[in-house]
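The structure appears below as structure tokens.
The values are calculated or read from the model by the stated rules, or taken from the named source; none is laboratory data. Quick caveat, the model's predicted, so the values are computed rather than measured. Positions of Cβ are generated from backbone atoms using ideal geometry, with glycine treated the same way; all protein chains shown enter the neighbour counts.
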Amino acid sequence: MTKDQSYVALKPFRFGAETLQPGDPVPQEAGRDYRLMLRLGQIGLASAAPAGQQEDQAHSTFEEGEEVLVVYGDGTYDRATFKHYAEADEQARESLELEAGDLVATITTEEAPDDEIVVPLSSVLPMHPVGLLLDHLESRARENHEAVVALGGKDQEVNALKGRVDFLELLLNAIRTEGTPLSEDTPSIKDLQANHITTVEGLKLLAEGERGRANLIALDKIGDKSADKILTFLNPPKGE
């Protein structure tokens, strides 16, 4: 805003710590985006013209055919083409939950260029610089999505890696489990000790559940036969 320009509020809105009411002068502050406030219909150029003319002057910044961004109430948005604006009629006020005197814009979207849509004028934003920010965010989102897809395309490798991590966590817990030392008659006791499994409780932790046998085989120097002997040792047949 230059020194020879001054604005008044066209609708109630927060400005810093205060709430401006229609007709209130808008303070001049460096760094404020007064052009955006003009587009949103919050302010208008101060003049001796009637309020209605001030609103018309304030909202003429969007031109017919201009590319804009429309942000809907649920946070989604569309790139759109601005057609025109007008004061909301009764139907628009009811469907869009607007107040008397609020303005609406007629737009068309990229997906439906032949269908005109009416939205609150306050939901229409200039493509620049907001569009640049969205382009950046969309680019980052696409990169993240492509990375996930690339990883998801290798389900076997991902599942194998997860299984390996789970096994190492279980092995670490088994190694740390204190309790009764393994007896000398434990099958493959030297190999188990070489894997740092030294207690009955730790061995049971590793060998229990559906993956118990696979966990034993995953140990160094423990094969299929050794795993079966260990499981039988830990779970002897009833009656023995």
Flag for residue 47 being under 21 Å from residue 10 (Cα atoms), part of a helix (DSSP H, G or I) and at pLDDT below 85 = no
message = Looking at 72, 77, 34 in this structure, which one is in contact with an Asp or Glu (Cβ under 9 Å, 6 or more places away or on another chain), modelled with pLDDT under 80 and surrounded by 11 or more Cβ atoms within 10 Å (Cβ to Cβ)?
response = 72
query = Out of curiosity, is residue 216 part of a helix (DSSP H, G or I) and under 43 Å from the mean Cα position of the chain (by Cα)?
reply = yes
Any hit, segment 164-175, residues being under 30 Å from residue 236 (Cα atoms), among the polar types (S, T, N, Q), surrounded by 13 or more Cβ atoms within 10 Å (Cβ to Cβ) and modelled with pLDDT of 55 or more = no
query = Considering only residues of segment 182-199 that are in contact (Cβ under 8 Å) with a residue 24 or more places away in the chain and part of a helix (DSSP H, G or I), which is farthest from the chain's Cα centre (by Cα)?
reply = 191
